[in-house]
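Heads up, the thing below is written out as structure tokens.
Taken together, the values in this text are just the output of simple stated rules run on the coordinates, not laboratory data. It should be emphasised that the depicted structure is a prediction, and the values quoted were computed from it without experimental measurement. Positions of Cβ are backbone-derived with ideal geometry, glycine not excepted, and every protein chain shown enters the neighbour counts.
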Amino acid sequence: MNFEQMEYILTVANEKSITKAAEKLFISPSGMSQSITKLENELGIKIFNRSKQGVTPTFEGKIVISKAITLRDTIKDLKKEIEIYKNNNKVQLKILTAPAFSYIIQDLLVKFNSDHKELSFDIVEQNPANIIRNFNKHNYDIAFISATIEELKRESNISFEHLRRGQICIAVGKKSPFYSIEYVTPKDLENAKIVMYKDADYKRLLKITKINSKNIVLKSNRSSLLFELVKESQAILYLHDFTIKNRPMVLNGDIRIIPLKEENFFEIDFWLIYLEMKGLTPVVREFIKELKNQFKKIGIQSIN
């Protein structure tokens, strides 16, 4: 008796009809009847009495059905135990990240997940201003954030490692008047139309760039929409130098990344943070090592 035949006889016994059982299992009545007959021939018994009044199990059939129920329940319990075992032995890496890291983490996950089948990921993207506040609440393993060292030192129970120093830039398309220039100043952008990522660190940008809210034409968490608007219009998008550096839209020239500069470039520090008491597990350390390798691949030197 195979699993298919077991399911057939249990459904027929419950429905008391081959036709109804076949409808329930989305197969033809003749196909089901032939399969049950084949099983009866293999066992050398009749499992069901068939008549115009319906289908009823024989004495031998009741024994077979009883054994099939026991076997079905055993299989269910086995599957449940296997699932519990798999869940208990599966490692979940919980990551909280600023939008700037999204693309580089996506690229990393493809390789890292294929090398670590036992590992699952829970990745949440938030405004950097909210990350430290929420990091303690939800027991994340690590977070990637842009911040000043003074901001981080004010927090208790958090350890941090410097990943790299980046620059605030703008993304522009070929229709933008800024497309062919080396850098822009905040004054250059006074009248520029802006599209913004909803979870961007607006307060920090406001301090640096003096953004006029009247110039913001769209806020969205759909990054594909924002980049499409940048590509097809004169709108600009504030981002960091590494955010999309290795994406096709930049590599093929549809979008250019241009640094923001006054007397100097506007630099910002990026950090890894984690709970002091929790520390970093070997798999997390490996993930961070691979992240730094991703920076190197796109020509951005991380800090070791």
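Structure summary
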| quantity | calculated |
| --- | --- |
| Percent RCO, i.e. relative contact order, over the range 1-143, from Cα pairs under 8 Å lying at least 6 residues apart | 18 percent |
| Over 30 Å (Cα to Cα) - which of 187/296; 117/219; 111/203; 174/214 fall in this group | 187/296; 117/219; 111/203 |
| Nearest-20 debye value, the chain charge dipole, Cβ charges on Lys, Arg, Asp, Glu | 540 debye |
| Cβ-Cβ FRET estimate between residue 133 and residue 16, R0 fixed at 51 Å, reported to 0.05 | 0.25 |
| Prolate/oblate/rounded call for the range 6-87, Cα gyration tensor, a/c under 1.5 rounded | prolate |
| Helix 29-43 axis, angle to the chain major axis (alpha carbon atoms, nearest 10°) | 60 degrees |
| Point-charge dipole on Cβ atoms (K/R +1, D/E -1) for the range 21-126, about Cα centre, debye to 20 | 580 debye |
| Helix axis angle, 59-88 relative to the chain longest principal axis, alpha carbon, degrees | 20 degrees |
| Positive-pole candidate from 92, 130, 192, dipole of the chain, charges at beta carbon | 192 |
| Mean residue ellipticity (222 nm) of the chain, computed from DSSP H runs ≥ 4 via -39,500 (n - 2.57), nearest 500 | -13000 deg cm²/dmol |
| Contact order relative to length of the range 91-297, as percent, for alpha carbon pairs under 8 angstrom and 6 or more apart | 33 percent |
| Antiparallel %, DSSP beta bridges [both residues in the range 91-297], to 5 | 60 percent |
| The range 32-85-the range 132-164 distance, computed between alpha-carbon centres (Å) | 59 Å |
| Most fluctuating residue given options 181, 132, 65, as computed from a GNM of the chain linking Cα atoms under 10 Å | 65 |
